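The structure appears right after this line, and notes come after that.
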Amino acid sequence: MNNNFFEVLRPGINTTFQDQGRFNLQHFGIAPSGCMDYKSFSVANAVLSNDKTEGVLEFAYQGPLLKLIKGQTKFAITGNVHFRIINSKNKTVTGECNRTYDLEEGEQVDILATNKTVYGYFAVEGGFSVSPFCNSVSTLSRANIGPNEGKKINVKNKIFFKKNRQEKNNYTINVSSGNNNLIKVLRGPQYDYFSDSSKKDFFSKNYKISNLTDRMGMRLEGTILKNVVSTNIRSEGIIKGSVQVPADGQPIILLNDHPTIGGYPKIANVISADYDLLIQNVPGTNLSFKCIELKEAESAYKFYSDNIKKTLKTKSIIK
Amino acid sequence: MFKKISNIGDCGIVCDFGDEVNRSINTEVIKLFHHIKKQSSDGNLSGVLNCTPSYNKLIINFDLNKTNTNKIFDFLKSTDFSKLNLSEDQKEWTIPICYDFEMDLENMSKVLKIDKEEIINIHLNTVFFIYMIGFVPGHPFMGDLDSKLFLNRLKTPRVKIPAGSVGMVEKFCNIYPYESPGGWNIIGKTPKKIFNNKDSTNPCLLSPGDTVKFKSISKKEFEKLNNE
């Protein structure tokens with residue numbers, strides 16, 4: 001193993017290693033985890049010509065301050081993120097997202113904040129030197145699973161990467177961004193547990209994202225949803241994007257680090273195509289939900305997935 | 001055979017086997033679970049990301065780039081349930097338990113009007129079936145306890161229950177894989193590590209469909225096994 005590494009001078013918020021997620025283990029109680037914003041994750045690896053499953057660092061609201069102690073690398077930051085590069089003479093350069101930069105020994109990357117979004121990504125050419133657990137380097141910090149002993153990145157941690165910079169050119173990818181607070185959903189398995197007026201409320205009123213939101217779930221506040229059948233069901237398997245409603249009537253959208261089984265009725269499920277948009281909405285945002293049918297959700301996914309492919313194809317050399 | 005199949009979101013299927021929680025319904029769930037695992041690994045079914053059995057349901061989560069709701073529906077409808085078996089690698093476990101680590105036996109004995117020794121005896125003589133594993137990694141839900149021992153959850157859950165603690169609620173018995181909060185009635189503790197986050201090939205000792213019997217050990221034996 002080579003010995004190239006960053007030192008963490010400031011960890012940022014909820015900074016963890018993530019990749020596409022860890023699958024085929026939910027029957028053991030292991031949630032998929034993985035990157036929250038798949039599009040930004042994909043751009044990060046693509047712009048560096050990494051394997052598309054390579055692990056990256058994900059952060060929320062504020063990223064880490066990293067000092068390159070040994071080696072030379074090329075990195076990229078994706079999402080909608082303010083950051084700067086501090087060279088060894090303390091001169092700073094303001095960074096742009098979705099492009100690569102060379103970084104020399106002694107230089108620092110200061111990931112200041114995400115801009116009206118939640119998640120951002122930091123990746124290096126060739127990837128980080130972390131060992132997979134069950135075929136994935138995603139961190140499930142709640143269960144201490146994954147790299148860094150399953151923990152969030154902390155100050156003074158050393159972050160090793162696999163190889164020194166090899167690519168001479170720098171590249172950029174043209175990413176169209178857009179926030180969206182209208183989220184399309186399908187009716188959930190227990191949709192009929194809710195009163196007619198609550199069904200109407202869910203699709204017409206706004207629901208505000210609460211501060212109690214993390215990689216496990218997004219808690220919403222709004223008009224109480226009345227359950228007319230039962231506020232508990234037999235515990236059943238969970239998939240991400242499920243909108244469950246506990247007895248207090250305030251919905252919770254289950255995200256990548258969700259419990260593997262749960263016993264609350266689910267009024268709706270966020271469609272896969274809108275998931276990246278959903279999770280980038282910051283607490284305090286008012287969301288509204290639109291009910292669509294399965295066929296539309298499948299076409300929306302096709303469009304979403306084609307859009308990522310098209311985006312990745314805009315990769316070009318920076319002259 | 002399931003009673004109903006439906007989609008959950010655009011990348012999931014719910015196979016519903018009926019409302020009851022009993023071993024025979026759960027066995028059907030687990031048979032289908034084994035079948036899907038096998039068909040996936042044999043390459044006959046593509047795109048399944050996760051397959052999660054619970055008491056009376058199987059939730060299949062799939063990759064929309066590789067398959068869709070209709071394809072999984074077709075696969076399920078063409079499955080001949082009469083030919084499904086529990087896989088041969090179903091295991092029978094003997095798990096050591098030290099009852100000296102109980103927290104609730106006294107109170108349970110009062111509520112149930114059964115001697116502590118008798119509660120322990122019934123527990124030791126039960127062959128438990130693992131209905132499902134989950135909520136947190138490695139956490140088994142096992143049944144069925146004798147109806148004489150049925151109890152509710154604690155009114156006030158404990159903030160901290162040590163890893164390895166064995167609890168009871170209604171007809172179920174569990175083992176806490178991690179130190180965590182919890183509301184089950186704690187009758188003892190096992191030194192056996194049921195979830196290992198360092199073991200990438202076999203992180204979880206138990207599987208849904210396995211059976212478990214408990215074996216009583218002394219505190220001394222507990223300490224010895226715990227240090228291994």
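Summary table
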read-out: Every residue from the range B:1-21 that is touching a residue at least 40 places away in the same chain (Cβ under 8 Å) and within 22 Å of the chain's Cα centre (by Cα); value: B:Met1, B:Phe2, B:Gly12, B:Ile13, B:Val14, B:Cys15, B:Asp16, B:Phe17, B:Val21
read-out: Qualifying residue in the range A:55-65 (condition: within 14 Å of chain B (Cβ to nearest Cβ), surrounded by fewer than 24 Cβ atoms within 10 Å (Cβ to Cβ) and of a type in the set (S, T, N, Q)); value: no
read-out: Any hit, the range B:106-126, residues being in contact (Cβ under 8 Å) with a residue 40 or more places away in the chain, of a type in the set (A, V, I, L, M), surrounded by 17 or more Cβ atoms within 10 Å (Cβ to Cβ) and not in a helix (DSSP H, G or I); value: no
read-out: Lone qualifier among A:Ile253, A:Ile308 - being among the aliphatic types (A, V, I, L, M), surrounded by fewer than 20 Cβ atoms within 10 Å (Cβ to Cβ), within 12 Å of another protein chain (Cβ to nearest Cβ) and not in a loop (DSSP other than H, G, I, E, B); value: A:Ile308
read-out: Yes/no for A:Lys240 being under 23 Å from B:Lys71 (Cα atoms) and not in a strand (DSSP E or B); value: yes
read-out: Qualifying residue in the range B:172-183 (condition: in the same structural domain as B:Tyr131 (by TED's automatic domain parsing), without any contact (Cβ under 8 Å) to a residue 40 or more places away in the chain and closer than 18 Å to B:Val127 by Cβ); value: yes
read-out: Which numbered condition B:Ser24 fails, given (1) in a helix (DSSP H, G or I); (2) in contact (Cβ under 8 Å) with a residue 24 or more places away in the chain; (3) away from chain A (no Cβ under 13 Å); value: (2)
read-out: The range B:150-160: number of residues that are touching a residue at least 40 places away in the same chain (Cβ under 8 Å) and of a type in the set (A, V, I, L, M); value: 2
read-out: Identity of the residue in the range A:228-240, within 9 Å of chain B (Cβ to nearest Cβ) and farther than 13 Å from A:Ala31 by Cβ, that ends up surrounded by the fewest Cβ atoms within 10 Å (Cβ to Cβ); value: A:Arg234
read-out: Residue in the range A:264-286 that is farther than 26 Å from A:Lys116 by Cβ, among the aromatic types (Phe, Trp, Tyr) and in contact (Cβ under 8 Å) with a residue 24 or more places away in the chain present; value: yes
read-out: Residue count, the range A:155-182 (criterion: touching a helix residue (DSSP H, G or I) at 6+ places or on another chain (Cβ under 8 Å), in a strand (DSSP E or B) and either over 24 Å from A:Cys97 (Cβ atoms) or modelled with pLDDT under 95 (or both)); value: 0
read-out: Strands (runs of 3 or more DSSP E) contained in the range A:18-134 and holding at least 3 residues aromatic (Phe, Trp, Tyr) and at negative phi; value: A:119-124
read-out: Qualifying residue in the range B:35-46 (condition: of a type outside the set (Gly, Ala, Ser), buried (at least 20 other Cβ atoms within 10 Å of the Cβ) and touching a residue at least 60 places away in the same chain (Cβ under 8 Å)); value: no
read-out: Some residue of the range B:50-67 being surrounded by fewer than 19 Cβ atoms within 10 Å (Cβ to Cβ), within 7 Å of another protein chain (Cβ to nearest Cβ) and not basic (Lys, Arg); value: yes
read-out: Check on A:Phe133, closer than 23 Å to A:Asn50 by Cβ, among the hydrophobic types (A, V, I, L, M, F, W, C) and either more than 14 Å from every other protein chain (Cβ to nearest Cβ) or surrounded by fewer than 18 Cβ atoms within 10 Å (Cβ to Cβ) (or both); value: no
read-out: Residue that is in a helix (DSSP H, G or I), more than 14 Å from the chain's Cα centre (by Cα), over 30 Å from A:Glu296 (Cβ atoms) and facing chain A (nearest Cβ under 9 Å), where the choices are B:Lys31, B:Lys37; value: B:Lys37
read-out: Selected residue [within 14 Å of another protein chain (Cβ to nearest Cβ) and surrounded by 20 or more Cβ atoms within 10 Å (Cβ to Cβ)] from B:Ile194, B:Ile186; value: B:Ile194
read-out: Selected residue [touching a Pro at 6+ places or on another chain (Cβ under 6 Å) and in the same structural domain as B:Ser165 (by TED's automatic domain parsing)] from B:Gly134, B:Gly138; value: B:Gly138
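Condition check ((1) of a type outside the set (Lys, Arg); (2) closer than 30 Å to B:Val127 by Cα; (3) at pLDDT 95 or above; (4) in a loop (DSSP other than H, G, I, E, B)) across all residues:
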site	(1), (2), (3), (4)
B:Cys51	yes, yes, yes, no
B:Ile59	yes, yes, yes, no
B:Thr67	yes, no, yes, yes
B:Lys71	no, no, yes, no
B:Leu76	yes, no, yes, no
B:Gln90	yes, yes, no, yes
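The values are calculated or read from the model by the stated rules, or taken from the named source; none is laboratory data. What you are looking at is a predicted structure, and each value in this text was computed from that prediction instead of being measured. Don't worry about glycine lacking a Cβ; one is built from the backbone with ideal geometry, like all the others, and counts go over all protein chains shown.
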